[in-house]
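Encoded as structure tokens, the structure appears first; notes follow it.
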Amino acid sequence: YARQVVDTLASPSMQGRGYVNEGDRTAAKYIADEFKKAGLKSFKSTYYQKFSFAINTFPGEVSLQAGSRKLVPGTEFLVGSSSGFISGEYELLWLDKSTAGDKKKLKKLLKQKNEQKIVVVDTAGIQDAFKKAQSWIGKAAGVIHIREKLTWDMSQAISKQFSFEVIRGALAASDKKAAVKIQCKYIPDYTSQNVIGYVEGSQHADSFIVFTAHYDHLGKMGPDVYFPGANDNASGIAMLLSLARHYAKPGNKPRYSIAFIAFSAEEVGLLGSQYFVSNPCFPLKRIKFLVNMDILGTGDEGITVVNATVFDSQFKQLQKLNAQGSYLKEIKPRGKAAISDHYFFTYNGVPSFFIYTLGGIKAYHDVYDKRETLPLTEFEDLFILLTEFTSYIESY
Ligand SMILES: [Zn+2]
């Protein structure tokens, strides 16, 4: 079942679960349908909790061409997420070891006017010069960053300067001009939605154990590139739905109510979970424990638990259960970290863990985070561990 969920959510039809072609809505509909099939209850008349935010999107053409060579979107270049609408040819000014490797060269370079040009920044070996050149780089029309790995993100605003990330080797120092095109669409009030369901507890119906995972990802960059987000976080939704199906079965009915929340707009800045915490479907005080799951697709090296040091006794119990069942290689403790949807709950006094798997593939926020290569190595062991941990939470 988990494989089927990942395959569906990371498929091209989900458009990267972002805000181009309503990818988020398609994914939310799929999750709501799965909730319904499992037999989850909803707090309101639907599973959806709607909210709005500003977002910069790239539904149109994005291209970067040096001479006659068109770079490949996704694998050779990414558009900076805060870039505005742009089209034109620009002269390239390189800031790298050969042009800024010593003080004299750097001084000469920084005297050049760059307001109508693109600065190509390759920081390899020139960290100090790069720092000194910051304000000069800031004046350029655009910037190209040479990277070892391309990593995308999302932006809620458009900056004056457009930018690209280019993989090392895709541009040569002999490239002196580039033709660029970015057709962005800024949406000041996009409406997305969290998807929320629950199983009613048999003894403590008004108290909740909560599982959360974000279903959104980075969406699309131009017509041809989508970010599948198999590990981040189709894998977490696969676990959320697996647990929901498990606890909805009459034979597995929990004593406490268990809520399942699939958040949107995590990648924009934890917006879905922030909205929920401000507009909860049940009092936050009634949450006995919350487990947030983000990036569960590997596990060869075990898992990390954020907030382990804050909720020490629960963490020790989790380690004990793991040792007894010899499920995962290692459970690493980590302190507080504002890196996923547990954050606003923690901030508001809700006891919570955030779990992510370790080891395996390195793809992250790129076009390589695909369903085909996602191993789901420890998925079943982690599933069992989470059900045992839930029983423990119910027992105190
Ligand atoms: Zn994530």
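The values are calculated or read from the model by the stated rules, or taken from the named source; none is laboratory data. Bear in mind that the values here come from a model prediction, so they are computed numbers and not experimental data. FYI the Cβ positions are ideal-geometry reconstructions off the backbone, even for glycines, and counts take in every protein chain you see. We work out accessible area using only protein heavy atoms, side chains counted, and drop any ligands, DNA or RNA first. Shrake-Rupley method; radii C 1.70, N 1.55, O 1.52, S 1.80 Å.
Suppose we filter Lys336, Lys320, Lys329 for residues that are in contact with a helix residue (DSSP H, G or I) (Cβ under 8 Å, 6 or more places away or on another chain) and surrounded by fewer than 21 Cβ atoms within 10 Å (Cβ to Cβ); which single one remains?
Lys336
Look at region 16-25 and say how many of its residues are surrounded by fewer than 22 Cβ atoms within 10 Å (Cβ to Cβ) and part of a helix (DSSP H, G or I).
Number of matching residues: 1.
Only residues that are closer than 23 Å to Thr298 by Cβ and within 16 Å of the ligand (Cβ to nearest atom): list them for region 242-269, please.
So in region 242-269, the residues closer than 23 Å to Thr298 by Cβ come out as 242-246, 260, 262-263, 266-267.
The answer is Ala262, Phe263, Glu266, Glu267.
Output the residue which, of all residues in region 288-298 that are more than 16 Å from the ligand (Cβ to nearest atom) and either open to solvent by less than 10 Å² (accessible area, probe 1.4 Å) or out of contact with any Pro (no Cβ under 8 Å at 6 or more places or on another chain) (or both), is farthest from Ile361 (Cα to Cα). Please lay out each step first, then the result.
Here is the first cut: in region 288-298, the ones more than 16 Å from the ligand (Cβ to nearest atom) are 288-290.
Adding the requirement that they be either open to solvent by less than 10 Å² (accessible area, probe 1.4 Å) or out of contact with any Pro (no Cβ under 8 Å at 6 or more places or on another chain) (or both) leaves 289-290.
Values: Phe289: 30, Leu290: 27 Å.
Within region 288-298, the match that is farthest from Ile361 (Cα to Cα) is Phe289.
I need the full set of residues from region 188-215 which are open to solvent by 20 Å² or more (accessible area, probe 1.4 Å) and touching a Ser or Thr at 6+ places or on another chain (Cβ under 6 Å), in order please.
Asp189, Thr191, Tyr198, Glu200, Ala205, listed by residue number.
Being surrounded by 21 or more Cβ atoms within 10 Å (Cβ to Cβ) and over 18 Å from the mean Cα position of the chain (by Cα) is the filter here, so list the residues in region 346-377 that pass it.
Thr346, Ser352
Would you call Ala141 outside the structural domain of Val367 (by TED's automatic domain parsing) and either polar (S, T, N, Q) or under 30 Å from the mean Cα position of the chain (by Cα) (or both)?
On the way: outside the structural domain of Val367 (by TED's automatic domain parsing): yes; either polar (S, T, N, Q) or under 30 Å from the mean Cα position of the chain (by Cα) (or both): yes.
So Ala141 fits the description; yes.
Give me the residue from region 221-231 that is touching a strand residue (DSSP E or B) at 6+ places or on another chain (Cβ under 9 Å) and crowded, with 24+ Cβ neighbours inside 10 Å and, out of that set, nearest to Ser340 (Cα to Cα).
The selected residue is Asn231.
Within region 130-145, is even one residue part of a loop (DSSP other than H, G, I, E, B) and surrounded by fewer than 18 Cβ atoms within 10 Å (Cβ to Cβ)? Reasoning before the result, please.
The initial filter retains those residues of region 130-145 that are part of a loop (DSSP other than H, G, I, E, B), namely 133, 140-141.
Pick out the ones that are also surrounded by fewer than 18 Cβ atoms within 10 Å (Cβ to Cβ) and you get none.
No, region 130-145 contains no residue that is part of a loop (DSSP other than H, G, I, E, B) and surrounded by fewer than 18 Cβ atoms within 10 Å (Cβ to Cβ).
Just give me the residues in region 146-160 being surrounded by fewer than 20 Cβ atoms within 10 Å (Cβ to Cβ) and touching a strand residue (DSSP E or B) at 6+ places or on another chain (Cβ under 6 Å), in sequence order. Can you show your working first?
Just the residues of region 146-160 that are surrounded by fewer than 20 Cβ atoms within 10 Å (Cβ to Cβ), to begin with: 147-149, 151, 153, 155-160.
Matches in region 146-160: Arg147, Ser155, Gln156, Ile158.
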